[in-house]
Amino acid sequence: MSKADLERATITGADLAGYEVEREIAATFASHKTADPAECAPAMQAVGGSSGFAASARIARIISPKERGSSAHMTLSSHSPGDAQQVMDALRTAAERCKTFKDILVDFDYDAVQLQPDPGFGDESVSLRLTQLASFEGEEPVRVPYAVVAVRQGATVAMFTNFHRPSGPNDGEPAAVPKSIIKAQLNKLSKLATAK
């Protein structure tokens, strides 16, 4: 899909009652973020909605509830069919093998990485939870729970992430991406693919 196709296939506030959808800048190049150990990089890159594979087009959105509820960050990336499958394979493998790792660039640690049961979205999907330990000089690390759901539909990869702010209303609970957001986006993507 071209960038214009992705724009047409992206949900707006009109597609999702009770939510606002804001544009965000997204680059098409492969993520250069590195992790220690290196094999864990796909999990860390997915937290940012990206991967180690360049996309021919990529868009990003922030989806926020108008009142109460969970928000989500979403990217849609258009790849070659082979790369789209490799994005999913790399993320699944990293989630299976990595329990802890470090983001080398910003010196944040991640732990409690857990591959979740396959949610069954699209042609294939991967779900994981992990915790970011955000450390600042002289202070105890702040534990931030994250959830990532990646879905491949054809050669398009949709990545959804959500986190719980410390001391927020959901503090202490596992993070989760609202299924209503994922389903609304995949439905719109399917309609465009069928129409093409």
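Within segment 82-95, can you find the residues that are exposed (fewer than 15 other Cβ atoms within 10 Å of the Cβ) and either touching a residue at least 24 places away in the same chain (Cβ under 8 Å) or within 14 Å of Ala46 (Cα to Cα) (or both)?
Of everything in segment 82-95, just one residue is exposed (fewer than 15 other Cβ atoms within 10 Å of the Cβ) and either touching a residue at least 24 places away in the same chain (Cβ under 8 Å) or within 14 Å of Ala46 (Cα to Cα) (or both), namely Asp89.
Of the residues in segment 51-88, how many are hydroxyl-bearing (Ser, Thr, Tyr), touching a strand residue (DSSP E or B) at 6+ places or on another chain (Cβ under 7 Å) and within 19 Å of Glu7 (Cα to Cα)?
Number of matching residues: 5.
Can you spot a residue in segment 45-58 that is of a type in the set (D, E, K, R) and outside any helix (DSSP H, G or I)?
Looking through segment 45-58, at least one residue is of a type in the set (D, E, K, R) and outside any helix (DSSP H, G or I).
Would it be correct to say that Thr28 is modelled with pLDDT of 95 or more, over 17 Å from Val106 (Cβ atoms) and either of a type in the set (Val, Ile, Thr) or buried (at least 23 other Cβ atoms within 10 Å of the Cβ) (or both)?
Considered against the rule, which asks whether it is modelled with pLDDT of 95 or more, over 17 Å from Val106 (Cβ atoms) and either of a type in the set (Val, Ile, Thr) or buried (at least 23 other Cβ atoms within 10 Å of the Cβ) (or both), Thr28 comes out as no.
Can you name every residue in segment 97-140 that is surrounded by 14 or more Cβ atoms within 10 Å (Cβ to Cβ) and outside any strand (DSSP E or B)?
Result: Arg97, Cys98, Thr100, Ile104, Gln116, Pro119, Phe121, Gly122, Ser135.
The values are calculated or read from the model by the stated rules, or taken from the named source; none is laboratory data. Quick caveat, the model's predicted, so the values are computed rather than measured. Glycine gets a Cβ as well: all are built from the backbone with ideal geometry, and neighbour counts include every protein chain shown.
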